[in-house]
Each structure stands twice: as structure tokens, then as C-alpha cells.
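The next block holds one structure in the form of C-alpha cells; read it before the comments.
The values are calculated or read from the model by the stated rules, or taken from the named source; none is laboratory data. What you see is a predicted model, and the numbers here were worked out from it, not measured in a lab. For neighbour counting, all protein chains shown are included, and Cβ atoms are generated from backbone atoms with ideal geometry for every residue, glycine included. Note: areas computed on protein heavy atoms with side chains; ligands, DNA, RNA excluded. Shrake-Rupley method; radii C 1.70, N 1.55, O 1.52, S 1.80 Å.
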Amino acid sequence: MANSDSENQNPNNDHDDQRPSNVTVDDEPEPDEVDDDEDDEGEDEDDQEPSLPRNPLSEEARLRAEKYKLENLVHRMSTERVDLRVHDVLIKGNTKTKEHLIEAELEGIKKATTMQELLEAAGIANAKLQRLEIFDSVRITLDSGPPELPGTANVIVEVVETKSPISGEIGAYTKPAARSWTAEGSVKFKNLLGYGDLWDGSLAYGPSQTSELSAGVFLPRFKGFLTPVTARAFLLSQDWLEFSSYKERMLGLSLGLFSSKHHDLVYNLGWRTLADPSQMASRSIRRQLGHGLLSSIKYTFKIDRRNSTLRPTQGYSFVSSSHIGGISPDHRSMRFLRQEFDLRFAVPFGFYHAALNFGISAGVIFPWGTGFLNKPSSLPERFFLGGDFSPVCTVGGPTTVWGFKTRGLGPTEPRRHVTDNSTDENSESSGRDSIGGDLAVSAFADISFDLPLRWLKEHGVHGHIFAGAGNLAKLTENEFRNFSVPKFLQSFRSSVGAGVVIPTKFFRLECNYYYILKQFEHDRGKTGFRFSISAPS
């Protein structure tokens, strides 16, 4: 039997256009499916299927007959329901991969009751198998069932396992505003155990801020779990001396308990150390230095219906994140409740590819346990605003306001006094520590539009004008009694600006001019030109 790629069967047919090129259909279905006189009404006898002579057909006549059968089947599928059930599923080419892993992705095929449903399910199954990242190619062929079982089909799944199970990446990334850079590298091992498992190790080194060493495993199907299982061990070091006079080091384990299209549930266990090598930290920072145990569970609900993460022009997104810390009887375990919301909209204007993006983010954190009203919140879990990255493609909670540097707005405290032994005089250290907030709110609006040059349009380079605002407030240690909504709104920091955006496959590069509309004495906002790099989240 000859197979034909479904994308070439009838390019003018809507149903046919939806079939992937690597899903093929046997072009000789059962006689009771194709050779139906009702399908040939109104056609001349000259157009009928040629009768087979006793002698073998010539090559040209055979191809013409097969083409007619194929066109007849496509026409019938586009005009009526073609009942069909799957008799058997055959899997070929999996020398290392466990067969039950592949079968789990073919459930939709086994449940199909019509040819239309079968083709759609085959396309979905093909995409799922490709997403496992362990096959170089996947081909699904639909063949006719046994002659004694009319109205049935066999499905043949042919896979080619990857020839290069080891892959790696390396890169260097700069942060112009922070005058820092980061080198990152990763190695990935695919399907070592035959369960579709992906093992990876990564290293990120930044000499002035963040370094991380981690290793993890991803199992798409594990012991009957309906969702993938992930586990990751990590060693994280973050340097916040410049902004908040402390360094953070954490050794821990992250376990993905549940993951689907819209839901994620993760458990984190780690041993955290906060230190101040400069011995100049403010009073609030010094109170939190030392060791602590992080035992927390985090649930995230996310829905993103935007047409792009780098330059959305229509749609909306919503993210809700709930984080509970202190799931441990140890008294050193950090106990907190943290909630974040993020809502975005993109509205097209209908000309020059222009669109309005706007959104609002909010978050709150509070300790829990005995005497929680008098306790401060955990310092690393607090909210900090500022940083040269765009809120347009960064979804997940309040993080930044245009024009303000990293941790550049919100509550601050003066660093401690130090004694100069050479002069035996006391002098106050220069600068203040950003101590973050328990309540954070930020909002933005961004209008993007095409630039007039054709080359720029073809490469996605566009202009935008924007405005942003945000604020932080302290609620713990009984400060919530002094909180006032009007006062909180009046103390919002704000900025406006315009610039040029260069989107790439992996990140969004912006050259912007910022103008600070409102800031307070110890904020670090600056009017002027700056570059920023943002990766979609």
C-alpha cells in the first residue's frame, strides 16, 4: 500500500490543512468506506473508478486510481462523519525508550471514533512525543485494519531516538545598569534510563551579584503520575551588599509535586545563611543575619492568552501565586504567608501594528505563628521594586518600575556608624540599605507601534512610549495600624519615557529615555538614557 503525506492530499480543504506532515493516511481504506455509490451521484461514468483489468495496471493507471481513492476519501471526510475505530497501535523504533511512556501519549488515538477525530488525535500525539525532547523524528501512519473487521484502522507509530543524548549551552549576559555580567552554562543528558528522563546540570557565575550551581531531573511520567515530576538540588549565592548590606547563601532541594498547563505546586527545602562581611548593615538587616531553615510550599495558577510574550498586541494574562513558609516543626524555620497577583491586558489599535499593554501587580507578605504581630517578615521574601527590565514581558508579581535602579525605591535605613581608629572619630557610612516592603503595588501602561522603515518592521524592531508607577509599605511589627490607603497612593513613585525595542528569540533589548515624575529623597531613580535586557517569564 502506498502512503501519501496528508498535507498534500487536498490543499484547499480545511480539515486537510490541519493535519501535520508527519501523520500519513493509508490511501486504500475499506471498500465500504470509499466505494459508496451515493458519493458518486451527479458524476459522469467516465469519472468513475477504473475497473481493474486482468492484466496488471500500468504505473500511470495505478497512480491515477490511487489518486481518485484518496480524493474521494478527503471529499467524504469534509462532508460527512466517517465512523472508524482503532483496532491496534504498533510502536516501532524505540530501542531504549519504554513502550508504556509512548503509549501514555497515545490515549487520544485509542479513544477516537471517527476518521476526523483520529487525525486530530494523531497530530496532538505527535506534538506531545516531540515535546519529550528524546526523539529526532516521530511519524504516525494510519493503516487499514484487518479485512474481517471493516471500519477499523491500525495506527503505526515510528520513532527515531535521538542520536545525541548529550547537549549543552553556554552564554554571557550583561546588566548595564548594575555594571555586572553573568556567565552561564548547562549540560543536558536525555533519556538515560529510558523513561523520557532529562538530567541537567547548570552553572551561573556573576562576580558581583549572583552565582548558582544546580542539578536536576525531569520525569514526564513516573509511577502512574498524571503530571511530570521534577527534582532539583541547588547551591545559590547572591550578593546584595551594594543595595542592602548582606550576602545570601542557600543550599536546598526543590521538588515539583504537580504541574499542568495552568497549575504548579512546588515544595522547597533549604538551609539559608545571611551574612554581612562589611559589618555596616542597618539595624533591620542585622536583626535577620544568621542561619535559617526554609521549608515552604508554593502554588501558582497561570493563564496566558497573549499572542506573544515579547511584544503582545492582543490577549490577556493572569498569575496568582500563594507561598506558605514554615512547614516544619523546627523553630528556626521561617514562617510566612506570601500572596501575589498579576493581571495584564493587550489591546490592538488596528493601525501600524500598534497596541496598548497595561497591567497591575500586587503582593503582600506576613509572618505567622506565636506573636506574629510583633515580628518582622523574612527579609529575602520581602518585596523590592526597581531594575532595568521591562514589566511588559515580566509576569509574576510586582518587581520593577521604569527608571529606578535595582531595589531603588521603597523603605530604607541608614547603615551603621563605624569608628575610624586613625582619627578616633565616629563617621557615618555613606549610603542606606533598602529593606523592602511587606506590601507592594505596581502598574504600567505601554503603547507599542511599528517604525516607518521596512527593514525595521521585518525584523520586529519597534518603538514604544510608556508610563509606570509603584510603591512599597511596611505592615509588620504593628505598622499596619498606621497604614493609610490615601497616604499609600499619594506616595507612589512614577515615571514616563519612550524608546526603541529590539526583540530577539530569547530576550527583549530596549534603548529607553526615562523621565522620573516623582521620587523621594532616598530613592534611586534617574532621568536619562539607559539600555535594558528582559527575558520573558
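Quick look at the numbers
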{"item": "Reduced Cα scattering model of segment 207-331, Debye log10 I(q)/I(0), q = 0.16 Å⁻¹", "result": "-1.00"}
{"item": "Accessible-area composition of segment 71-161, carbon plus sulfur, in percent [1.4 Å probe]", "result": "48 percent"}
{"item": "Trp240 accessible area, assembled protein chains, probe 1.4 Å, Å²", "result": "30 Å²"}
{"item": "Descending semi-axes in Å of segment 134-174, equivalent ellipsoid built from Cα gyration tensor", "result": "43, 10, 5"}
{"item": "Residue-wise HN-Hα coupling along segment 529-534, computed from phi with Karplus coefficients 6.51, -1.76, 1.60 (Hz; x: Gly, Pro)", "result": "8, 8, 9, 8, 10, 10"}
{"item": "3J(HN,Hα) from dihedral phi, segment 286-294, Karplus parametrisation 6.51/-1.76/1.60, rounded to Hz, x for glycine, proline", "result": "4, 5, 10, 5, x, 9, x, 9, 9"}
{"item": "Long-range HN-HN contacts of Leu84 with modeled amide H, under 5 Å", "result": "Thr114, Met115"}
{"item": "Label point distance in nm, Glu169-Lys487, each placed 7 Å from Cα along Cα→Cβ", "result": "4.7 nm"}
{"item": "DSSP bridge orientation in segment 71-161 - percent antiparallel, rounded to nearest 5", "result": "60 percent"}
{"item": "Area projected by the alpha carbon convex hull of segment 71-161, averaged over all directions, nm²", "result": "6.2 nm²"}
{"item": "Backbone HN-Hα couplings from phi across segment 482-490 [Karplus 6.51/-1.76/1.60, Hz, Gly and Pro as x]", "result": "9, 6, 9, 4, x, 5, 5, 5, 5"}
{"item": "Kirkwood hydrodynamic radius of segment 429-486, Cα pairs, Å", "result": "15.5 Å"}
{"item": "Net charge dipole size for segment 71-161 [Lys, Arg +1 and Asp, Glu -1 on Cβ; Debye, nearest 20]", "result": "140 debye"}
{"item": "Amide H contacts of Arg306 (H built 1.01 Å from N, under 5 Å, at least 5 apart or other chain)", "result": "Tyr316"}
{"item": "Links that overshoot a 28 Å alpha carbon limit, given the list Lys487/Lys526; Lys261/Lys487; Lys163/Lys302; Lys302/Lys487; Lys188/Lys457", "result": "Lys261/Lys487; Lys163/Lys302; Lys302/Lys487; Lys188/Lys457"}
{"item": "Calculated FRET efficiency for the pair Asp450/Phe506, C-beta based, R₀ 30 Å, to 0.05", "result": "0.85"}
{"item": "For segment 276-373, convex hull of alpha carbons as volume per residue, Å³", "result": "160 Å³"}
{"item": "Ranking by accessible area, most exposed first, for Lys110, Lys190, Lys487, Lys298 with a 1.4 Å probe", "result": "Lys487, Lys110, Lys298, Lys190"}
{"item": "Segment 71-161 - accessible surface per residue (Å², probe 1.4 Å)", "result": "47 Å²"}
{"item": "Probe 1.4 Å - accessible area at Met115, Å² to nearest ten", "result": "10 Å²"}
{"item": "In Å, descending, principal axis extents of the Cα set of segment 494-537", "result": "39, 20, 13"}
